[in-house]
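Visitor: After the C-alpha cells below, expect a handful of questions from me.
The values are calculated or read from the model by the stated rules, or taken from the named source; none is laboratory data. Here the structure is a predicted model, which means the values were calculated and not measured. Positions of Cβ are backbone-derived with ideal geometry, glycine not excepted, and every protein chain shown enters the neighbour counts.
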Amino acid sequence: MTGLLLATRVELFKLRRTLALAVALVVPLALLAMLAANILSRDPNQVIPNSPWETFVVNFGFFLWCILALPLLVTLEVALLAGMEHGQRHWKDLFALPVPRWQLYGAKLLAAAALLALSLLVLGLGLGVLGSVLNVLRPSLGLAPPVPWLDILRGVSAMFGATLLLLALLTWVAVRWPSFAVPSGVGITGTVVALILDISARADSWARIFPWSMPLSAVAPVSDNRPFESHLIALGLGVGGGLAVAVLGAWDVSRRDVLA
Amino acid sequence: MGVPDLPLALETIQLSHRFGPLVAVDRLDLRVPVGSIYGFLGPNGAGKTTTIRALLGLIRPRAGEVRLLGQPLAGQRAALLRRVGSLVETPSLYPHLTGAENLQVKQQLAGLSRTEIDRVLDVVGLRHDAGRLVRGYSLGMQQRLGLAKALMGAPELLILDEPTNGLDPAGIHELRELIRRLPSEHGVTIFLSSHLLGEVEHMATHVGIIGRGRVLFEGTLGDLHGRTGERLLLEVDRPAAALQVLGRAGWDGAERVGEAGRIEVHIGGREEAARVNALLVQAGLAVAELRVEQPSLEALFLQLTGSAQLDRQVAA
C-alpha cells in the first residue's frame, strides 16, 4: 500500500503545469459563473419558492453539474491523464521500473479521483459563496444565512462516491486505448445517453444503474420517480462498482504486453 | 562464433515470441559478458525491439528464458529491474516538467536518493539546463536526459534501444563518446541495439547480429572481422602478367578491379601482403600501390543479414 501511495504522490507531482489541473478548477468555476449569469439575468424580484437554499444548490447547481459538466469533466480528465503517458510513450518506461504495474495504474486512478474531489470541493464552496453573494444582490431569492454547508458537503460527497464507477470505467478505457478519441467518444456517448435517460419517464429504473446518471441519482430530490433508495443504489453501485472495475482494470493492465 | 564462458550480465535462452502468425523472435540465444559494450544489430524488423521488450519484462515471451545479472527475470522482475537501466527508442520525458523534475519522477518511484539526480545530470552534462522545461530541450539534450534517467540508481546493466535515433551527427558523436566511457567510469555493462553499423563499430566490444528473429553471429568485433579476412589492393604496370604470377603461386582468387592496373587479392594477414609484393617485384613487375583493407562491419552485416533476407524470400 505504501508503494501505491508513493506512486500516487508522483502522479500528483506530474500534474504541475498541466491542463488537467487547470480543467479541474476551471470547469466548476465556469459552471458557477453560468449559474450566476442565469439567475442575475432573470426578474430582479424573482423568488425561489419553498426551501431556497436546497432548490438553489440541488435543483440549480447540482442538476446542471451532474447532467453535463461532471461526465464531460471526468471524460476530459482521464483522457488528459492517460494522454500524458500515451503521448510520449511513457508506459514502456514506467513499466520497466521496479514498481508493480497495478500500483502505477492505481496511482493514475487515484490521481483522477483527486482531481474530481478538487472540482467537487470548488463546486461546493462556490455554491455556498455564490448563494451568499446572490443574497446580497438579490435578497428576494431568499438565500438568507446560514449557508447549509453540511448539506452541501453531503451532496458533493454523494456525487463523488456515485461517480467512482464512471471514473474507473473511463480510466480503464483511456489507459487501454492510446487514442484520445476513444475515451472521449465513450464519455460523450454516455453523457448523451444519460441525458436522454434523465429526462425520460424511465429515469427511476435505468438511471440507478447507468454510470453516467448515477451522480444525479445520488443527489436528486426525492420524488415519486426517484425514491430515497435511488440515492443509496447510486452511491453503493458507484463505490462498489468503481472498486470492482478498478481491480479488473489493474489486472488487465498488469497482464497485457506493452507494445507502444 | 559465440562468447566464451565469461560471467554474463544478460542471457537469453531459446527466447521466442510471436505476434499472431508473425514470428518476431525465434529461439534466440544471446550471451552478453559483464563489462562489455554489446552491439545488438539487425535490420529493421529483425526482432531487436521485441527482444528488448522481453528483456525488460514488457512482454511475456511465448517460450524461452531471460536471465539478467545471472538470475532468471521471471519471478523476480522488480528486484532485477532495480539493477537495470533502460532507454527504449525515444526517451520518455514529460515536456511540461523540467529536466530535474523528470528525473525526480523516477527517483521517487524507484525509491532512490535525491543526490542521484545531480549525479546523473553531471554524467550527461546537463546540470546547467536541469531547471528548464524539457519542451525547450533539443533532441540531443532530450536523448542525454533519457540516458541520465537510465543511469539513475547506478545500474549494473544498461539496455539502450536505438539511442541515437533522430540525432544529428554532432549529437550522435556526443552520445557515442558518453556511452563509450560508461563501462570504465561507472562499471556498467551496455547492451545497445542499433541498425546503424558505423555507430556500433565505434563503440562495441562484442556484437550480436540477428535476422528474422534468429542469431546470425555473436562474438567480438575481432571474431567478426576474422570471418572474412582482409583484402589487398594493388596497382601494377602489367595486371595480366601479375594475375598469372599470383595464380601460379596459389592466389587463385586474385582479380582485376576498377581502373586499369588495379588488382584485388584476398589474403589472411599483413605478412601475406608482404609476400605478394615480394613475388611481384621478383617477377619484374612494378608495384605502384599496395593497400591492405579490412571489410567494414557494414559489409559483413549486409553479407549476414542479406542471406537471412534471402532465406526469407526462399521460405516465402
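Visitor: Among the residues of the stretch B:107-124, which ones are in a helix (DSSP H, G or I) and more than 7 Å from chain A (Cβ to nearest Cβ)?
Guide: B:Gln107, B:Thr115, B:Glu116, B:Ile117, B:Asp118, B:Arg119, B:Val120, B:Leu121, B:Asp122, B:Val123, B:Val124
Visitor: Which of the numbered conditions does A:Pro146 fail, given that it passes all the others? Conditions: (1) more than 14 Å from every other protein chain (Cβ to nearest Cβ); (2) outside any helix (DSSP H, G or I); (3) closer than 30 Å to A:Ser254 by Cβ.
Guide: Result: A:Pro146 passes all but (3).
Visitor: Ok, one more. If B:Gly146 meets every condition in (1) more than 9 Å from chain A (Cβ to nearest Cβ); (2) under 25 Å from the mean Cα position of the chain (by Cα) apart from one, which number is that one?
Guide: Unmet for B:Gly146, out of (1) more than 9 Å from chain A (Cβ to nearest Cβ); (2) under 25 Å from the mean Cα position of the chain (by Cα): (1).
Visitor: When residues of the stretch B:253-300 are filtered for being out of contact with any helix residue (DSSP H, G or I) (no Cβ under 7 Å at 6 or more places or on another chain), surrounded by 15 or more Cβ atoms within 10 Å (Cβ to Cβ) and of a type in the set (Gly, Ala, Ser), how many remain?
Guide: 1
Visitor: Condition first: assigned to a helix (DSSP H, G or I), within 13 Å of another protein chain (Cβ to nearest Cβ) and of a type outside the set (A, V, I, L, M). Can you find one or more residues in the stretch B:67-83 that meet it?
Guide: yes
Visitor: When only residues in the stretch A:238-260 that are surrounded by fewer than 20 Cβ atoms within 10 Å (Cβ to Cβ), part of a helix (DSSP H, G or I) and among the hydrophobic types (A, V, I, L, M, F, W, C) count, which is nearest to the other protein chains (Cβ to nearest Cβ)?
Guide: That would be A:Trp251.
To keep it simple, each residue is scored yes or no on (1) part of a strand (DSSP E or B); (2) over 25 Å from B:Leu147 (Cβ atoms); (3) modelled with pLDDT of 95 or more.
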| site | (1), (2), (3) |
| --- | --- |
| B:Thr12 | yes, no, yes |
| B:Ala24 | yes, yes, no |
| B:Gly35 | no, no, no |
| B:Gly45 | no, yes, no |
| B:Pro61 | no, yes, no |
| B:Leu87 | yes, no, no |
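Visitor: Also: Among the numbered criteria (1) under 26 Å from B:Gly187 (Cα atoms); (2) among the polar types (S, T, N, Q); (3) more than 14 Å from chain A (Cβ to nearest Cβ), which single criterion is violated by B:Thr51?
Guide: Failed condition: (3).
Visitor: Okay, next question. For A:Leu25, are the conditions met, namely being part of a helix (DSSP H, G or I), under 22 Å from the mean Cα position of the chain (by Cα) and without any contact (Cβ under 8 Å) to a residue 40 or more places away in the chain?
Guide: Judged against the criteria, A:Leu25 is not a match.
Visitor: Only one of A:Ala33, A:Ala69, A:Ala82, A:Ala114 is under 30 Å from B:Glu89 (Cβ atoms) and either more than 14 Å from chain B (Cβ to nearest Cβ) or not in a loop (DSSP other than H, G, I, E, B) (or both). Can you tell me which?
Guide: That would be A:Ala82, the only listed residue that is under 30 Å from B:Glu89 (Cβ atoms) and either more than 14 Å from chain B (Cβ to nearest Cβ) or not in a loop (DSSP other than H, G, I, E, B) (or both).
Visitor: Tell me which residues, restricted to the stretch B:125-141, are crowded, with 19+ Cβ neighbours inside 10 Å and at the interface with another protein chain (Cβ under 10 Å from one of its Cβ atoms).
Guide: Hit for the stretch B:125-141 is B:Val134, nothing else.
Visitor: Do you know which of the residues in the stretch B:92-124 that are β-branched (Val, Ile, Thr) and over 25 Å from the mean Cα position of the chain (by Cα) is surrounded by the fewest Cβ atoms within 10 Å (Cβ to Cβ)?
Guide: Restricting to residues being β-branched (Val, Ile, Thr) and over 25 Å from the mean Cα position of the chain (by Cα), the top hit is B:Thr115.
Visitor: Restricting to the stretch B:240-251, and then to whatever is surrounded by 12 or more Cβ atoms within 10 Å (Cβ to Cβ) and assigned to a loop (DSSP other than H, G, I, E, B), can you tell me which residue is modelled with the lowest pLDDT?
Guide: B:Trp251
Visitor: Against the definition (under 19 Å from B:Glu89 (Cα atoms) and more than 14 Å from every other protein chain (Cβ to nearest Cβ)), how does B:Leu58 come out, yes or no?
Guide: Judged against the criteria, B:Leu58 is not a match.
Visitor: Among the residues of the stretch B:85-106, which ones are closer than 17 Å to B:Gly57 by Cβ, touching a Leu at 6+ places or on another chain (Cβ under 9 Å) and at the interface with chain A (Cβ under 8 Å from one of its Cβ atoms)?
Guide: Passing the criteria: B:Ser86, B:Val88, B:Ser92, B:Lys106.
Visitor: While we're looking at this one, here's another question. Select from the stretch A:91-110 the residues that are within 13 Å of another protein chain (Cβ to nearest Cβ), of a type in the set (A, V, I, L, M, F, W, C) and either part of a helix (DSSP H, G or I) or in contact with a Ser or Thr (Cβ under 8 Å, 6 or more places away or on another chain) (or both) and list them in ascending order.
Guide: A:Trp91, A:Leu94, A:Ala96, A:Trp102, A:Leu104, A:Ala107, listed by residue number.
Visitor: Right, here's the next one. When you look at B:Glu89, is it closer than 21 Å to B:Pro7 by Cβ and either buried (at least 22 other Cβ atoms within 10 Å of the Cβ) or touching a Ser or Thr at 6+ places or on another chain (Cβ under 8 Å) (or both), yes or no?
Guide: So B:Glu89 does not fit the description; no.
Visitor: Here is a follow-up. What number of residues within the stretch B:22-47 satisfy the criterion of being within 14 Å of chain A (Cβ to nearest Cβ) and touching a residue at least 40 places away in the same chain (Cβ under 8 Å)?
Guide: Result for the stretch B:22-47: 3.
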